[in-house]
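Chemist: There's a structure below that I have some questions on.
The values are calculated or read from the model by the stated rules, or taken from the named source; none is laboratory data. What you see is a predicted model, and the numbers here were worked out from it, not measured in a lab. Note that each Cβ is placed from the backbone with ideal geometry, even for glycine, and that neighbours are counted across all protein chains shown.
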Amino acid sequence: MLRLTQAPNIAIAALWADALQQAGFSASVQRYFLSGIAGEMPPDQCQPEVWLAIDEEEPRARALLEALQNRPQRRWLCFCGETVEGGFEQCWQCGADMPASADDARF
């Protein structure tokens, strides 16, 4: 077994492990319940971890995890003139939907 990474919390660890499993990797979450003893042990020793059962999967699994952790953020200009950044698909100024293609986004 090989430790792939530590996660900041259980929710993130579970999301990463699930995404890796759906891609066919042998991922699991370890240290699932150790956050309850943080303080008695150093906090960095209590974080959940994502592990692989098959060591040879490491390069591809790390590449997928890197892509999950560093998703590009969108930025588009709404027809009302508002710049919308991040994962939003609707303008917070006028409520218009994000254009279907990048050509229509005026950026």
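Chemist: List, please: which pairs have Cβ atoms under 7 Å, are six or more places apart or on different chains, and start with a residue in the range 78-97 that is closer than 25 Å to Leu68 by Cα and end with one that is modelled with pLDDT of 95 or more and in a strand (DSSP E or B)?
Modeler: Note: no pairs meet the criteria.
Listed here are the residues, each with its yes/no results for (1) over 30 Å from Ala96 (Cβ atoms); (2) more than 12 Å from the chain's Cα centre (by Cα); (3) free of Cβ contacts under 8 Å to residues at least 40 places away in the same chain.
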position	(1), (2), (3)
Ala14	yes, no, yes
Arg31	yes, yes, yes
Gln47	yes, yes, no
Gln73	no, yes, yes
